[in-house]
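J.: Encoded as structure tokens, here's the structure I'll be asking about.
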Amino acid sequence: MNQITKAIITATAFSLLLTGCDMFKKKDEGAEQKAATIEQIQAEKGKPAKVVKATTAEITDVRKFSGTIEGMQQTYALSKMSDPLAKIHVQVGSSVKKDQVLAEYLFTGDNTQYQQAQEQIALLEKATERMRELHAKGGISQQDMDTQEMQLKVAKMNLETVRRASKILAPAAGVVTELHFKEGQTPGIGVFCTIAKLDQVILKLNVTSKDIGFFKKGATATVDVGGEKVKGKVTLIPLAANSLTRFFPVEVTFPNKKKQLLPGMYVTAELDARNVKGIIVPIEAIVYRNGVNTVWTVTAEGKAKRKVVKLGVQTKGDVQILEGLEDGDQVMVEGQFRMNDGDKVLIIE
């Protein structure tokens, strides 16, 4: 009885072992069949790829140049005395009018010319009034009267000169963009502050002889200020380079009503240098490998073909093809990295 039971158990275990092996074999065969099916699909229908047509179109050559912002009609208020500043009436950002008093000097024994000139005019005015009375009565000649009045006129002109020297005045209307001194300091002879008109500003660019040919008067330039695009125009292209720097000082003028662009800012402008016409494809179609630019195309027979191309003008989204493509060629923009020459291509939307 024991022997029969053992035989039955052994037979059952062996049967289960064979069944398990058969199941694993079927799974392996299913996996192989599935893998083969994927290869068959690609062989029969092609490798998937998204394509666009290369077209003849116009593209804008955008170049980047950096420089410093300056105020329009920028001028400088000058200090003409070596005395301390008693009072400063403006600060950076103040709007001023022409001849407005910006600062006054502290009164010292060395700057009494203004007071002396005032006293001299007071004396001359009294003398002139008396001589007018004498002239009216015939007591002095017309020539003597004219000489006296000329002396008074000259004295008043001298007073104005001394007055302008004893205070720091605005040379023009505008906005104070730089202030170099504080109250109590002695500015001496030199620049006290900078005044400029900020409704428009100038971007000054130092351009090399290699790039100066890209600039045309009236060309559009764009700067990004806090995420907002501000457009300006090229307004000055010099006919000669600076003799010291060897750069061409190009000027681009921007509207600035919001006062976004301030003097001293260093910004980068994108210049619409020129428009060129040629074969244009999306930038993602370019495959750069081993120092060579290529694109993958789809032939009339639906086969993948790799072509070496020469690039021209590039923008953020497109590129000009100088050599290697024809108008109407189907160019891959997705799926090209899985391709080999001669592969069948399944074009997808």
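The values are calculated or read from the model by the stated rules, or taken from the named source; none is laboratory data. Keep in mind it's a predicted model, so treat the numbers as computed, not measured. Every residue, glycine among them, receives a Cβ derived from its backbone with ideal geometry; neighbour counts consider all protein chains shown. What goes into the accessible areas is simple: the full protein's heavy atoms, side chains included, and nothing from ligands, DNA or RNA. Shrake-Rupley method; radii C 1.70, N 1.55, O 1.52, S 1.80 Å.
J.: Need the list of aspartates and glutamates near K153 for cross-linking: C-alpha distance under 12 angstrom, and skip anything on the same chain fewer than eight residues off.
T.: Hits, sequence-local ones excluded: E125.
J.: By how many nm would the segment from V92 to V225 grow when fully extended, if each residue of separation counts as 0.36 nm and the alpha-carbon distance is taken off?
T.: Answer, rounded to one decimal: 45.8 nm.
J.: Follow-up. Which log10 I(q)/I(0) values does segment 207-332 give at q = 0.11, 0.14, 0.17, 0.19 Å⁻¹ under the Debye formula, counting every alpha carbon as one identical point scatterer?
T.: -0.60, -0.80, -0.94, -1.03
J.: To continue, here is another question. With r as the distance between the Cβ atoms of K153 and I237 and R0 = 45 Å, compute the FRET efficiency 1/(1 + (r/R0)^6) and round to 0.05.
T.: 0.40
J.: Just check segment 247-292 against the gyration tensor rule for me: Cα atoms, a ≥ b ≥ c as the square roots of the eigenvalues, rounded for a/c under 1.5, and otherwise prolate or oblate depending on whether a/b exceeds b/c.
T.: Taking the square roots of the gyration eigenvalues as a ≥ b ≥ c, segment 247-292 is prolate.
J.: Between their Cα atoms, which of K216/K258; K156/K257; K167/K231 are more than 32 Å away from each other?
T.: Values: K216/K258 27 Å; K156/K257 41 Å; K167/K231 40 Å.
Over 32 Å Cα-Cα: K156/K257; K167/K231.
J.: At a Förster radius of 45 Å, what calculated FRET efficiency corresponds to the Cβ-Cβ distance of K307 and T268, to the nearest 0.05? All intermediate terms of the calculation are to be shown ahead of the outcome.
T.: Details: r = 35 Å, r/R0 = 0.77.
Approximately 0.80, to the nearest 0.05.
J.: Here are some pairs, K80/K182; K50/K310; K217/K310; which of them have Cα atoms lying more than 28 Å apart in this structure?
T.: K217/K310
J.: Ranked highest first by average number of other Cβ atoms within 10 Å, how do 193-206, 325-338, 304-317 line up?
T.: 193-206, 325-338, 304-317
J.: Using Cα pairs under 8 angstrom and six or more residues apart, how large is the relative contact order of segment 210-349, in percent?
T.: With pairs under 8 Å counted, the relative contact order is 18 percent.
J.: What figure in square angstrom, to the nearest 10, would you give for the accessible area of H180 with a 1.4 Å probe?
T.: Number for this one is 90 Å².
J.: Ok, one more. Can you give the FRET efficiency to the nearest 0.05 for T253 and D146, using r as the Cβ-Cβ distance and R₀ = 51 Å?
T.: Computed FRET efficiency for T253 and D146: 0.50.
J.: Roll a 1.4 angstrom probe over the protein heavy atoms and tell me the percent of accessible area of segment 200-261 that is carbon or sulfur. Could the numbers behind the result be given before it?
T.: Details: 2080 of 3660 Å².
The nonpolar share, carbon plus sulfur, comes to 57 percent.
J.: While we're on this one: Run the quick spin-label model on V52 and L134: label points 7 Å from Cα toward the beta carbon, then report their separation in nm to one decimal.
T.: Between V52 and L134, the simple spin-label model gives 9.6 nm.
J.: Taking amide H positions as placed 1.01 Å from N in the peptide plane, with prolines and chain starts having none, which residues 5 or more places from V319, or on another chain, fall under 5 Å of its amide H?
T.: V281, I283
J.: Right, another one. Each residue of segment 327-332 in order: what ³J(HN,Hα) in whole Hz does its phi give by Karplus 6.51 cos²θ - 1.76 cosθ + 1.60, θ = phi - 60°, with x for Gly and Pro?
T.: Once θ is set to phi - 60°, the couplings for segment 327-332 become 4, x, 4, 8, 10, 6 Hz.
J.: Taking all protein chains as present, what is the carbon and sulfur share of the accessible area of segment 153-199, in % to the nearest whole number, probe 1.4 Å?
T.: Carbon and sulfur together cover 55 percent of it.
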